[in-house]
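The values are calculated or read from the model by the stated rules, or taken from the named source; none is laboratory data. Just so it is clear, the structure is predicted and the values come from calculations on it, not from any experiment. With ideal geometry, Cβ positions are generated from the backbone for all residues, glycine too; neighbour counts draw on all protein chains shown. For accessibility, only protein heavy atoms count, side chains too; no ligands or nucleic acids. Shrake-Rupley method; radii C 1.70, N 1.55, O 1.52, S 1.80 Å.
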Amino acid sequence: MTGKGKGTDLAMGLTAGQRRLFDRDGFLILDDFVDRAACERLRQRALELIGGFDPDSARSVFSTTRQTDTTDAYFLESGGAVRFFFEEGAFDEAGALVGDKALSINKIGHALHDRDPVFDAFSRTPDLAAVVRDLGVAAPLLIQSMYIFKQPRIGGEVSCHQDATFLYTDPLSVVGLWFALEDATRDNGCLFALPGGHRSALRQRFRRNGDGGVTMDVLNPVPWPDEGYVPLEAKAGSLVLLHGLLPHRSGPNRSAASRHAYTLHVIDATAAYPADNWLQRAGDDPPRGF
Ligand code: FE2
C-alpha cells in the first residue's frame, strides 16, 4: 500500500515502484489520494441527486447475477445520462419500496462525470490525469462513471468479472479508477481481486445483440477460481487502480455501515470502440478526456 505525495502543485503520477506493483498485481491502492472533504462533497452531491429522483419514474434493478435479464432500455440509454438503479432487495413482493429511497439505490450511472459539475470537477484533476498517463493510456477518454452505494444490510454482491467485459476496445485499454468515499472493509463489502489475474485473457464480453437486448459472449468457459482473492481494503480517500483484465468481485454488505465508492473508467481513444458495446454515446455527445 503506497501513499501518494501531497503538498505540491505538481501532479505526481506514479513512481516507477508503484508502476511495477501495478504491472505485477493488476491493481494498486493509493492511500490519501483525495482529501476527506472532497469525498464528503461527492457523498452529499449523490444524496442530493437521489433527493431529486422520483422512484416511481423508473424501477430498474441492478444485478450482476441476473445481468442480461435485468438490462432494460433505462440501463441501455444511461451511457450519457445520470440514472438510478435499485438494490435487488429494495422492493417487497408487491413491488413497493421497503425502505427509505436513499437507502435503496444500488448505483447511479453512467455519465455523472459529464452531466454533473461536482462529479466533473472530482473526475478531471491534474493528479488523476497524471496517474492515467503513467498507466500508459496515450489518449484518455472518460467513458463511464458510477456512484456505488453498497447499502447497509441489502448491498448486493458483485460477481467476479473483468471490466473489459463491459468496456471492450481493440486493443484492450480500459482502466478502472475506484475511489473509496468511505472506509471499505471486509465487513461492508470491499473489493477482492486475484493478484496477477490480469495476465489471463478476456473471458466474457457483454454486448448489444441487435434485438434491443444484450448478450454475454463466453470467450472462455473456465469458471473463476473460488480461492486466491485478496481483500482490497481501502480507507476513505484512497484510489484503487484496476487493470481492465483483473478479475475482481465484492461480497454483499450485511453490516450496518454503507460502503460508498465512486468509479471512473478510462479507455484509450487510439483503440477502436465497437458499435455493439452496451455503453454508447450520441454522435453529438462523444466522451472526453481530462
Ligand atoms: Fe468492476
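A few comments on the model shown:
- Taking the criterion of being within 16 Å of the ligand (Cβ to nearest atom) and either out of contact with any Ser or Thr (no Cβ under 7 Å at 6 or more places or on another chain) or among the polar types (S, T, N, Q) (or both), the residues of the stretch 263-276 that qualify are Thr263, His265, Val266.
- Residues that are charged (D, E, K, R) and touching a Lys or Arg at 6+ places or on another chain (Cβ under 9 Å), drawn from the stretch 199-253: Asp217, Glu233
- Tallying residues that are open to solvent by 10 Å² or more (accessible area, probe 1.4 Å) and touching an Asp or Glu at 6+ places or on another chain (Cβ under 9 Å) within the stretch 155-167 yields 1.
- Residue check: Trp178 meets all listed conditions (1) touching a helix residue (DSSP H, G or I) at 6+ places or on another chain (Cβ under 9 Å); (2) buried (at least 20 other Cβ atoms within 10 Å of the Cβ) but one, namely (1).
- Of the residues making up the stretch 17-56, just one is open to solvent by 80 Å² or more (accessible area, probe 1.4 Å) and not charged (D, E, K, R), namely Gln44.
- Options Val132, Val137; residue that is touching a residue at least 40 places away in the same chain (Cβ under 8 Å), away from the ligand (no atom under 16 Å from the Cβ), assigned to a loop (DSSP other than H, G, I, E, B) and open to solvent by less than 20 Å² (accessible area, probe 1.4 Å): Val137
- Filter pass, Asp187 being more than 16 Å from the ligand (Cβ to nearest atom), open to solvent by 20 Å² or more (accessible area, probe 1.4 Å) and free of Cβ contacts under 8 Å to residues at least 40 places away in the same chain: no
- The single condition among (1) surrounded by 17 or more Cβ atoms within 10 Å (Cβ to Cβ); (2) more than 13 Å from the ligand (Cβ to nearest atom); (3) not in a strand (DSSP E or B); (4) not acidic (Asp, Glu) that Leu142 does not meet is (3).
- Only one of the numbered conditions (1) away from the ligand (no atom under 16 Å from the Cβ); (2) touching a residue at least 60 places away in the same chain (Cβ under 8 Å); (3) touching a strand residue (DSSP E or B) at 6+ places or on another chain (Cβ under 6 Å) is violated by Val158, and that is (1).
- If you go through the stretch 228-252 and pick out every residue that is more than 16 Å from the ligand (Cβ to nearest atom) and either free of Cβ contacts under 8 Å to residues at least 60 places away in the same chain or not in a loop (DSSP other than H, G, I, E, B) (or both), you end up with 2.
- Annotation: of all residues in the stretch 116-129 being within 13 Å of Gly289 (Cβ to Cβ) and not in a loop (DSSP other than H, G, I, E, B), the one that is most open to solvent (accessible area, probe 1.4 Å) is Pro126.
- If you check Asp217, Asp114 for being without any contact (Cβ under 8 Å) to a residue 40 or more places away in the chain, more than 16 Å from the ligand (Cβ to nearest atom) and within 28 Å of Ala81 (Cβ to Cβ), only one passes: Asp217.
- Filtering the stretch 198-218 to residues that are open to solvent by 50 Å² or more (accessible area, probe 1.4 Å) and over 25 Å from Leu177 (Cα atoms) leaves Asn209, Gly210, Asp211, Gly212, Val218.
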